[in-house]
1. Would you mind checking the pairs Lys52/Lys177; Lys309/Lys360; Lys111/Lys206; Lys311/Lys407; Lys295/Lys439; Lys35/Lys360 and listing those with alpha carbons more than 22 angstrom apart?
2. Roughly how tilted is helix 10-21, in degrees to the nearest 10 and between 0 and 90, from the longest Cα axis of the chain?
3. Express the relative contact order of the chain as a whole percentage, based on alpha carbon pairs under 8 Å and six or more residues apart in sequence.
4. Would you pull out the residues with amide H under 5 Å of Phe142's amide H, same chain only if 5 or more places away, H placed 1.01 Å from N?
5. Each residue of segment 390-398 in turn: what ³J(HN,Hα) in whole Hz from Karplus with 6.51, -1.76, 1.60 and θ = phi - 60°, glycine and Pro shown as x?
6. Once both axes come from the Cα atoms, what is the angle between helix 282-294 and the longest principal axis of the chain, in degrees from 0 to 90, rounded to 10?
7. Give me the distance in nm between label points sitting 7 Å out from Cα along the Cα-to-Cβ direction at Arg33 and Asp339, one decimal.
8. What is the set of long-range amide H partners of Arg435 at a cut-off below 5 Å, with H atoms built 1.01 Å from backbone N?
Amino acid sequence: MKIAVVGTGYVGLVTGTCLAEAGNDVVCVDIDRAKVARMRAGKVPIYEPGLKELFDRNIQDGRLSFTTNLKKGIDKAEVIFLALPTPPGIDGSADLSYILGVAKTISAMIKDYTVIIDKSTVPVGTAAVVREHITKNAKADFDVVSNPEFLREGRAVRDFQNPDRVIIGTSSDRAWKVMHRLYKPFVLRDDSIIIRMSEESAELTKYAANAMLANRISFMNGMANLCELSGADVREVQKGLGGDPRIGKEFLHAGPGYGGSCFPKDVQALAGTAVELGYDFPLLDAIHQINERQKSRLFEMVRSYYAGKLKGKTLALWGLAFKPKTDDIREAPALNLIDALTSAGAKVIAFDPEAVANVKKHFGRKKLLSFAKDEHAALSGADALIIITEWDEFKTLDFSKVKKLLKEPVIFDGRSLYELDEMQEQGFYYASIGRRVVKPA
């Protein structure tokens, strides 16, 4: 099939590359000229495991190309994906200006029947609005389909090629046949996971999924705080909960709060939808509020240890991305922590395997913030270590080396990576979320 993907962020680039890998002719369109030039030169603008190999192969084989020319990009396309940003507005609701702007522009460009797909996360009713914008100038038949993505950063390629479900929101039999044919190569063993529903249901399903997962995280973070106050251990509580098949084990890890491009904005957007429809949904506000409070939890632990006297302290920070296996720092808890620590006068030496460049761009030249070449370089001369992202390379400590590099054997762990008994035996002051504080014997 001939496919156009408008927008080359995480969703658009992964979608376009994986569809090209399946044998389709894909053109990715973006207004960022510098970004398009880099992609044409073979440089992937994001870090995502497995993407580079597919990216290179499909460019070389002529199935994947890039342009800034929208008209050229969608020419003869049977399917057009809209994978554009939907940032939160002042009131938290999703901003649809990018999607509607492109919809209006392409409306007069399509020449033959085309399926136009909302791939971005959008509020319920967006497909109908997009359809209205295109209808005004359309000279050919078209259908608008809601096809939300369920890609996990760090596993996005795997998720696209081996989906657990594909949601197709359409009332059109013609569009359904096109979409089924498009996704059939990825579900050869069981095409029943391609689920057809209304456009409105598809739109709401995406928000519901992210809000449900965010709810689990916020619930466990609330439980972690109760564990600290009661003497319980959140990791033990987590195991007990996860053993119940009605609950399951996923998304029960306590930490410094969720971040990323989806959960924060989608919870707020769903809350905004509830308000617009006149429904009081206080759970959504509670999820958001708990998460915002949790983002300050590590700072409170550090400040308490130093009795509020952080000025002049040097703190090593391991992890900057909102989760491992990505360079994405959108809404990352590390950004809040850096701001809080440096505002209190502490010097931060940070390291992340992939996200340093993005944090440098985010902060520019920020006083009291510097970056190390690796995790051990960050420790040299630091008063304490703070861990905020659970990269695999952080999960096994060389205890003697860490103690030698730090001024004091002090660790604040936002991910509870290490065993309490072992940390005590090794002589560390070790404070983690949802567990008792360990002090040197």
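Please treat every number below as a calculation from the coordinates, not as lab data. On a predicted model such as this, the values are computed, not experimentally measured, just so you know. Note that each Cβ is placed from the backbone with ideal geometry, even for glycine, and that neighbours are counted across all protein chains shown.
1. Details: Lys52/Lys177 31 Å; Lys309/Lys360 27 Å; Lys111/Lys206 31 Å; Lys311/Lys407 16 Å; Lys295/Lys439 24 Å; Lys35/Lys360 18 Å.
Exceeds cut-off: Lys52/Lys177; Lys309/Lys360; Lys111/Lys206; Lys295/Lys439.
2. Between helix and principal axis, roughly 60 degrees.
3. Values: 875 pairs, mean separation 51.0, N = 441.
Computed over the chain, the figure is 12 percent.
4. Excluding prolines and chain starts, which carry no amide H, the hits are Thr114.
5. 8, 4, 4, 5, 8, 7, 10, 9, 8
6. 50
7. My value for the distance between the label points is 3.3 nm.
8. Amide H neighbours of Arg435, under 5 Å, 5+ apart: Val234.
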